[in-house]
Amino acid sequence: MRMLLGLLLLLALTGNSRATYCLCKDGVAEKDLQTSIDYACGVLGDCNQIHEKGPCYQPINVKGHCDWAVNSYFQRAGQVPGSCNFSGTATTSPNPPSTVVTGCIYPSSPGNAGTGAPGTPTFPGPPAFGPTGGFDPSGNDALSLITSIALTLGFSVIVFL
(Lines give C-alpha, C1' and ligand atoms only; values in the text may rest on other atoms or scores of the structure.)
Protein backbone atom coordinates (compact mmCIF):
# COMPACT_ATOMS: atom_id res chain seq x y z
CA MET A 1 0.00 0.00 0.00
CA ARG A 2 2.81 2.43 0.89
CA MET A 3 4.55 1.58 -2.37
CA LEU A 4 1.41 2.42 -4.34
CA LEU A 5 0.98 5.71 -2.48
CA GLY A 6 4.63 6.57 -3.02
CA LEU A 7 4.31 5.92 -6.75
CA LEU A 8 1.13 7.99 -6.89
CA LEU A 9 2.86 10.85 -5.10
CA LEU A 10 5.90 10.62 -7.38
CA LEU A 11 3.65 10.62 -10.46
CA ALA A 12 1.82 13.70 -9.22
CA LEU A 13 5.06 15.54 -8.51
CA THR A 14 6.60 14.76 -11.90
CA GLY A 15 3.61 15.96 -13.92
CA ASN A 16 3.62 18.61 -16.60
CA SER A 17 6.13 21.38 -15.99
CA ARG A 18 5.89 23.47 -19.13
CA ALA A 19 5.80 27.24 -19.12
CA THR A 20 2.44 29.00 -19.03
CA TYR A 21 2.01 32.74 -19.45
CA CYS A 22 -1.07 34.93 -19.10
CA LEU A 23 -1.26 37.57 -21.83
CA CYS A 24 -3.75 40.25 -22.80
CA LYS A 25 -5.63 39.53 -25.99
CA ASP A 26 -4.99 41.49 -29.19
CA GLY A 27 -7.79 43.73 -30.37
CA VAL A 28 -9.09 44.61 -26.88
CA ALA A 29 -9.88 48.28 -26.23
CA GLU A 30 -7.12 50.16 -24.37
CA LYS A 31 -9.64 51.18 -21.70
CA ASP A 32 -10.34 47.51 -20.94
CA LEU A 33 -6.63 46.66 -20.94
CA GLN A 34 -6.00 49.52 -18.50
CA THR A 35 -8.75 48.18 -16.24
CA SER A 36 -6.96 44.80 -16.25
CA ILE A 37 -3.66 46.51 -15.37
CA ASP A 38 -5.30 48.45 -12.53
CA TYR A 39 -6.84 45.31 -11.08
CA ALA A 40 -3.80 43.05 -11.46
CA CYS A 41 -1.36 45.61 -10.07
CA GLY A 42 -3.68 46.72 -7.29
CA VAL A 43 -4.38 43.24 -5.96
CA LEU A 44 -1.61 40.70 -6.41
CA GLY A 45 0.64 41.54 -9.33
CA ASP A 46 4.14 42.95 -9.03
CA CYS A 47 4.14 45.86 -11.45
CA ASN A 48 7.41 47.46 -10.40
CA GLN A 49 9.02 46.02 -13.53
CA ILE A 50 6.80 48.12 -15.85
CA HIS A 51 7.43 51.43 -14.12
CA GLU A 52 9.59 53.99 -15.90
CA LYS A 53 13.21 52.75 -15.88
CA GLY A 54 12.02 49.23 -15.00
CA PRO A 55 13.43 46.37 -17.11
CA CYS A 56 10.01 45.72 -18.69
CA TYR A 57 8.92 49.34 -19.23
CA GLN A 58 9.52 48.93 -22.98
CA PRO A 59 7.49 48.72 -25.13
CA ILE A 60 5.69 51.79 -23.83
CA ASN A 61 2.15 50.82 -24.68
CA VAL A 62 -0.91 49.65 -22.79
CA LYS A 63 -0.89 46.17 -24.36
CA GLY A 64 2.74 45.52 -23.35
CA HIS A 65 2.16 46.69 -19.79
CA CYS A 66 -1.08 44.69 -19.62
CA ASP A 67 0.81 41.53 -20.62
CA TRP A 68 3.24 42.02 -17.75
CA ALA A 69 0.56 42.90 -15.17
CA VAL A 70 -1.83 40.01 -15.84
CA ASN A 71 1.04 37.52 -16.10
CA SER A 72 2.44 38.68 -12.77
CA TYR A 73 -1.01 38.31 -11.19
CA PHE A 74 -1.51 34.87 -12.77
CA GLN A 75 1.87 33.54 -11.56
CA ARG A 76 1.45 34.94 -8.04
CA ALA A 77 -2.05 33.43 -7.91
CA GLY A 78 -0.41 30.04 -8.54
CA GLN A 79 -1.88 29.70 -12.06
CA VAL A 80 -5.23 28.87 -10.47
CA PRO A 81 -7.85 28.09 -13.14
CA GLY A 82 -9.82 31.23 -13.95
CA SER A 83 -7.08 33.59 -12.75
CA CYS A 84 -6.12 34.50 -16.33
CA ASN A 85 -9.37 35.77 -17.72
CA PHE A 86 -9.85 39.35 -16.53
CA SER A 87 -13.38 39.59 -17.92
CA GLY A 88 -12.26 38.20 -21.26
CA THR A 89 -9.27 40.51 -21.83
CA ALA A 90 -6.58 37.86 -21.20
CA THR A 91 -5.78 34.25 -22.01
CA THR A 92 -3.02 31.73 -21.33
CA SER A 93 -0.19 31.04 -23.76
CA PRO A 94 2.77 28.63 -23.83
CA ASN A 95 4.96 31.50 -25.13
CA PRO A 96 5.93 34.88 -23.70
CA PRO A 97 4.88 37.95 -25.69
CA SER A 98 6.92 38.56 -28.83
CA THR A 99 7.62 42.15 -27.79
CA VAL A 100 9.76 41.34 -24.72
CA VAL A 101 12.92 43.44 -24.66
CA THR A 102 16.37 42.29 -23.54
CA GLY A 103 16.61 42.32 -19.75
CA CYS A 104 12.90 41.77 -19.16
CA ILE A 105 12.27 38.28 -17.81
CA TYR A 106 8.66 37.11 -17.80
CA PRO A 107 7.83 34.66 -15.00
CA SER A 108 6.49 31.43 -16.48
CA SER A 109 5.56 29.59 -13.29
CA PRO A 110 4.44 30.44 -9.76
CA GLY A 111 7.89 29.52 -8.44
CA ASN A 112 9.66 32.23 -10.41
CA ALA A 113 7.10 35.04 -10.07
CA GLY A 114 9.62 37.02 -7.99
CA THR A 115 9.24 40.46 -6.56
CA GLY A 116 10.09 43.95 -7.67
CA ALA A 117 12.94 46.17 -6.65
CA PRO A 118 12.81 47.19 -2.99
CA GLY A 119 11.54 50.69 -2.34
CA THR A 120 9.76 50.96 -5.68
CA PRO A 121 6.13 52.00 -5.23
CA THR A 122 3.45 49.67 -6.47
CA PHE A 123 1.44 50.57 -9.53
CA PRO A 124 -1.35 52.99 -8.59
CA GLY A 125 -5.00 52.29 -9.17
CA PRO A 126 -7.77 50.61 -7.23
CA PRO A 127 -8.95 47.17 -8.26
CA ALA A 128 -11.78 47.58 -10.71
CA PHE A 129 -12.87 43.97 -11.18
CA GLY A 130 -11.72 40.44 -10.54
CA PRO A 131 -10.69 37.68 -12.88
CA THR A 132 -13.60 35.66 -14.06
CA GLY A 133 -13.81 32.48 -16.01
CA GLY A 134 -15.02 28.99 -15.74
CA PHE A 135 -13.39 25.69 -15.05
CA ASP A 136 -12.71 23.72 -18.23
CA PRO A 137 -12.90 20.02 -17.33
CA SER A 138 -11.58 18.98 -20.74
CA GLY A 139 -8.29 20.88 -20.61
CA ASN A 140 -5.28 21.54 -18.36
CA ASP A 141 -7.59 22.83 -15.62
CA ALA A 142 -8.74 19.27 -14.98
CA LEU A 143 -5.16 17.97 -14.89
CA SER A 144 -4.21 20.67 -12.38
CA LEU A 145 -7.22 19.84 -10.22
CA ILE A 146 -6.48 16.10 -10.32
CA THR A 147 -2.82 16.74 -9.51
CA SER A 148 -3.78 18.94 -6.56
CA ILE A 149 -6.20 16.35 -5.23
CA ALA A 150 -3.63 13.56 -5.64
CA LEU A 151 -0.96 15.56 -3.82
CA THR A 152 -3.32 16.45 -0.99
CA LEU A 153 -4.46 12.86 -0.55
CA GLY A 154 -0.92 11.53 -0.84
CA PHE A 155 0.49 13.86 1.80
CA SER A 156 -2.49 13.27 4.07
CA VAL A 157 -2.03 9.51 3.95
CA ILE A 158 1.72 9.79 4.56
CA VAL A 159 1.19 12.08 7.56
CA PHE A 160 -1.37 9.77 9.16
CA LEU A 161 0.59 6.53 8.57
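The values are calculated or read from the model by the stated rules, or taken from the named source; none is laboratory data. Keep in mind that what you see is a predicted model, and the values were worked out from it rather than measured. The accessibility values were calculated without ligands, DNA or RNA, using every heavy atom of the protein model including side chains. Shrake-Rupley method; radii C 1.70, N 1.55, O 1.52, S 1.80 Å.
Annotations
- The range 19-114, accessible surface, carbon-and-sulfur percent (1.4 angstrom probe): 50
- Extension gain, THR99 back to GLN58 (0.36 nm per residue minus Cα-Cα distance, nm): 13.9 nm
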